[in-house]
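Novice: Structure provided below as structure tokens; questions to follow.
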Amino acid sequence: MITRFPPEPNGYLHVGHAKSICVNFGMARDYAGRCHLRFDDTNPAKEEQEYVDSIIDSVKWLGFDWEHKGPEGAGTHLYYASDYFDRLYEMAEYLITAGFAYVDSQSAEDMAANRGNFNTPGTNSPFRNRPADESLQLFRDMKAGKFKDGEHILRAKISEDAMASPNMNLRDPAIYRIRHAHHHRTGDKWCIYPMYDYTHPISDALENITHSICTLEFQDHRPFYDWLLATLAAGGFFQQPVPKQYEFSRLNLTYIVTSKRKLRQLVEENIVDGWDDPRLPTLVGMRRRGFTPEGIQLMCERTGVTKSDGWIDYGVLEGAVREDLDPKAPRAIAVLRPLKLIVDNFDANDSVECSSPVHPHHPELGNRTFPFTRELWIEEEDFMEVPTKGYFRFFPPIDGQPGARVRLKYGFVVECTGYDKDENGKVTAVHVNYFPDSKSGTDGANNYKVKGNITWVSAAAALAAEVRLYDRLFTEAQPDSGGKDFKEFLNPNAKEVITAYLEPGLKDALPEQRFQFERHGYFVADRVDSQPGKPVFNRIVTLKDSWAAK
């Protein structure tokens, strides 16, 4: 089996491309074949080397490559459609001389009008029966740069009644157009460029692709794919068997848009912070968000390969990423919404070392340590002046009853004695007393039965760090359907930047290193903005899916 992934280098790959990458490279891997990476670089006006480099990097990041080490020998299978421009041109001349193509000189407006629509047959071009030698000379003059963009176009002539075909793709499709533009690989050698539907099947055949696997929108293009290869095989350009095209349904994830135009709009209008914004479904954005290649592959595997279009809930992707991260992400404590906790009966100059496992299911990874001091940070939500029913965290003494007793996780049991407020009535600090014999891991800890167990960090030792809380970019499951402006459904809470307090060991976090912040979810040190000793963290996903409840 030989498959291929053929992106056009005119933008950044997104999660939909990830599905195609996983299908093509994955099937080749599973069936001991190989997969080619081939750039469909036939439109120089929109293509850039930047996109080529990004695509190569993204495919490798997902865990795939095009280095083959099969029984027939090793090889690098990285290709460009522009590698075949001379061969493509040669085949186009053959189609003209054999009566299967002609140069059309209609205006773009007349050509569109004469093409018809799904309910109306098309009308033959007045140039359709142009003599082959005349079309051939015009085509050579097009190549020589004698005409302006759009002045002529080369069209295939599949059959005498092709313009009446119910399949619009068979109505004398364009196969070459004039475009005076600099190409990122061939420079100014060419001013005519082949169309995708013409280039793609020929490239497959030249590379001996066996399974041309693509998404369902190309299903109606398959008859031309088959006709072109059969025609050129009959002309002696290929040996049978030629490649076969197979279609599968594209990945439709809720709460995102994957249209290149709409993604570009989000970037160019500064709605997001660039193509690698962690809110975007681009692969560079998903990588920066902290999604793992293994999690994305797991999602693609679970959604399967089918022939029917449907929508996959975004939660499936988040669930796959959680499942991948849970067994391997080291644990850490972070306080995201800090409130000061003062242990009144603990010496201000003292410190007690506490410890907890790096990972609760991997004791071989050892423990991490952090200090217990007189002033700590806890989460704002861990204190209530007047507790609600079932609230087991901090609240003050009420009606002569003592305040709540709570265990500071990995530390001591403490009892709330009071709190401070500012002039606006906002709680600024909670006061507690601790029980010296209650430290976790000691015999005395068993003497204290409490229902509340909360996370904390030392105010003196904590690392103050920028943390970016990311959420879904849209509030609507299908933001670009129904004819509405997709920007109406932008989620105003998709990004929140806060200063959080983290356990001190996190200062050494490396870019792209992932952690589970206990209680809060999975986070990654930003691959761009993190600096040595000063990491910036992005929230990857919360610990569980709370979107439906919201």
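The values are calculated or read from the model by the stated rules, or taken from the named source; none is laboratory data. All values derive from a computational prediction rather than experimental measurement. Glycine gets a Cβ as well: all are built from the backbone with ideal geometry, and neighbour counts include every protein chain shown.
Novice: Just to verify a result, which residue in region 528-550, among those that are out of contact with any strand residue (DSSP E or B) (no Cβ under 9 Å at 6 or more places or on another chain) and either crowded, with 17+ Cβ neighbours inside 10 Å or not small (Gly, Ala, Ser) (or both), is modelled with the lowest pLDDT?
Specialist: Out of the qualifying residues, it is Lys550.
Yes or no, residue by residue, for (1) over 22 Å from the mean Cα position of the chain (by Cα); (2) under 30 Å from Arg407 (Cα atoms):
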residue: Glu466; (1), (2): yes, yes
residue: Asp471; (1), (2): no, no
residue: Glu476; (1), (2): no, no
residue: Pro479; (1), (2): no, no
residue: Gly483; (1), (2): yes, no
residue: Lys487; (1), (2): no, no
residue: Leu490; (1), (2): no, no
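Novice: Restricting to region 118-128, and then to whatever is farther than 11 Å from Leu154 by Cα and not hydrophobic (A, V, I, L, M, F, W, C), can you tell me which residue is nearest to the chain's Cα centre (by Cα)?
Specialist: Across region 118-128, the extreme among qualifying residues is Asn119.
Novice: Restricted to region 435-476, and to residues that are in contact with a Gly (Cβ under 8 Å, 6 or more places away or on another chain) and touching a residue at least 60 places away in the same chain (Cβ under 8 Å), which residue is nearest to Leu543 (Cα to Cα)?
Specialist: Top of the filtered list is Trp456.
Novice: Pick from region 67-96 the residues that are surrounded by fewer than 17 Cβ atoms within 10 Å (Cβ to Cβ), among the acidic types (Asp, Glu) and under 19 Å from His36 (Cα atoms): which of them is modelled with the lowest pLDDT?
Specialist: Looking at the filtered set, the residue picked out is Glu72.
Novice: Go through region 300-329 and count every residue that is part of a helix (DSSP H, G or I), farther than 18 Å from Leu543 by Cβ and under 15 Å from the mean Cα position of the chain (by Cα).
Specialist: Qualifying residue count for the region: 1.
Novice: At least 1 residues that are assigned by TED's automatic domain parsing to the domain that holds Leu13, farther than 22 Å from Trp275 by Cα and under 21 Å from the mean Cα position of the chain (by Cα) in each: list the strands (runs of 3 or more DSSP E) lying fully within region 23-117 that qualify.
Specialist: Those strands (runs of 3 or more DSSP E) span 34-39.
Novice: When the residues of region 321-349 are filtered to those that are closer than 14 Å to Arg514 by Cβ and of a type in the set (A, V, I, L, M), which remaining residue is surrounded by the most Cβ atoms within 10 Å (Cβ to Cβ)?
Specialist: Ala334
Novice: Six or more apart or on different chains, Cβ under 8 Å: which pairs go from a residue in region 400-418 that's surrounded by fewer than 21 Cβ atoms within 10 Å (Cβ to Cβ) to one that's among the basic types (Lys, Arg)? Could you list them?
Specialist: Glu415/Arg405
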